[in-house]
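Please read the structure below before turning to the comments.
Read the figures in this text as sums done on the coordinates, not as results from a lab. Bear in mind that the values here come from a model prediction, so they are computed numbers and not experimental data. Here the Cβ is made from the backbone with ideal geometry for all residues, glycine too, and neighbour counts use every protein chain on show.
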Amino acid sequence: MMDERELRALSRDIVRELGMLAGRCGEVELSPVEAHLLIELEAGPANNQQLAGRLRVDKSNSSRPLQRLAERGLIAWLADPADGRSKQAELTGQGRDWLRRLHAAMDADMARVLEQLDPPERAALEDGLRVYRRALLHTDRQRGYAIRPLAAADNGALAALIRRVSTEYGLGEGCSFLDPQLDALHPIYDRPGSRYLAVIAPDGRLLGGGGIAPLAGGSAGVCELQKMYFDAALRGRGLGRRLLRLLLDEARARGYRQCYLETTAGLGEATALYASEGFVRLDAHWGDTGHGACEIAMARDL
C-alpha cells in the first residue's frame, strides 16, 4: 500500500515528465505558469488575486508572469467592475492564437501518452487521477479542521449540534435527537466497543461527529453507526467520508465484523455517502435501536 513518501516520489516524477520544471512548454515559448494563466483566462477576465488563488500561488508569483504576458501583447488590462482600484487581465486576439497553439501542442503530447495504454489502463488512469484530485481538493478544504475523540466537555456542544441539524432537516419523533441521554453522550461512548469522534473547526467549535457502539438487541460482532451529524459549515469538504472511514477502521480494530445503520430519506446526502462506502439497503431492520422513524436500514461487512 502506498505511503506518503511514495506518493511524493510519484508526484515528483509526474511533474518532471510533464516538463513543469522546464522554462517553457515544449515548443511553445511560454513558461508553465504563463501557460496556466492563459488557460485560466480562457474562461473570462480575472484579476491577479483570483488567478493566484486558482493556481495556488502567491500573488507575487503570478503578477510577474502576467506582466510578461502583457508586454508580449497576449493579455490586456481592463478596469475591474467589482473593484475600481483593481484591474482584470483579458486575453487579446494574439493571446487566443497562442492559447490555440498551446492546446494543440499539449493535446498532441497527451495523445502520445494515451497511445501507450490500452482501454482498461486508460480507465484505471482516469479513475486514479480523479480520486487523487478529489483528495487534493479535500485536503485543502479541510485545512485547520481536526477529528478527535469526544471529550466530556463536548457534551453540550454535541447535543446542540444534533438538535440544530435535526431541526434543519425536519426530523421528528422516533429519531436519535430525542434520545434521553443526548445531553450526556460522552459516558455512553466511553465504554468498551464504543467510540465517538468529533470534528473540530479551526476556531475550536465542535461542528460534526459520529460514533459506533454495539447494536442494541443485535448479534455479536455487529456495531451500529450512530449520531453522525454535520453542521452546514462542514459540508462539501470531504470530512463526512473521512470521518466515516475512520469510524469503520475503529470498528474493525474492536473486532466487529459488520456495521449497521438506520437513516431516513430526508437525509439524502448521508444516504448517498453510505451507499458509496459500501453500505447496502436491507429488507428488514436489525436489533432494537428505538428509532422507529428511520425507515432505511443499511449494513456492510467489515
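Numerical summary
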item	result
Helical mean residue ellipticity (222 nm; -39500 (n - 2.57) per DSSP H run of 4+; nearest 500) of the chain	-14000 deg cm²/dmol
Loop-resident sites, segment 227-302, for GluC sites (Glu not before Pro), counting at most 11 other Cβ within 10 Å (DSSP)	none
Contour excess over end-to-end distance, with Cα ends at GLN94 and ALA70 and 0.36 nm allotted per residue	7.6 nm
Packing-based exposure ordering (other Cβ within 10 Å, fewest first) of LEU117, LEU182	LEU117, LEU182
Modelled FRET efficiency - R0 51 Å, ARG122 with ARG254, Cβ distances, 0.05 increments	0.80
Relative contact order (percent, whole number), the chain, Cα cutoff 8 Å, 6+ residue spacing	12 percent
Amide H contacts of LEU225 (H built 1.01 Å from N, under 5 Å, at least 5 apart or other chain)	TYR260, LEU261
Dimensionless Rg ratio for the chain, taking C-alpha atoms and the 2.2 N^0.38 Å reference	1.32
Leading residue at positive end of dipole, the chain (Cβ point charges), from GLN258, ALA104, LEU302	ALA104
In nm, spacing of pseudo-spin labels at ALA43 and ASP183 (7 Å Cα→C-beta vector)	4.8 nm
Label-point separation in nm, ARG112 to MET20, each point 7 Å along Cα→Cβ	2.0 nm
Residue-wise HN-Hα coupling along segment 254-265, computed from phi with Karplus coefficients 6.51, -1.76, 1.60 (Hz; x: Gly, Pro)	8, x, 6, 9, 9, 10, 10, 8, 10, 8, 9, 4
Counting DSSP beta bridges with both ends in the chain, the antiparallel % (nearest 5)	90 percent
Segment 4-116: relative contact order as a whole-number percent, Cα under 8 Å and 6+ apart	23 percent
Compactness relative to 2.2 N^0.38 Å, alpha carbon Rg of segment 1-125	1.24
Peptides ranked, highest mean first, by Cβ atoms within 10 Å: ranges 35-45, 70-80	35-45, 70-80
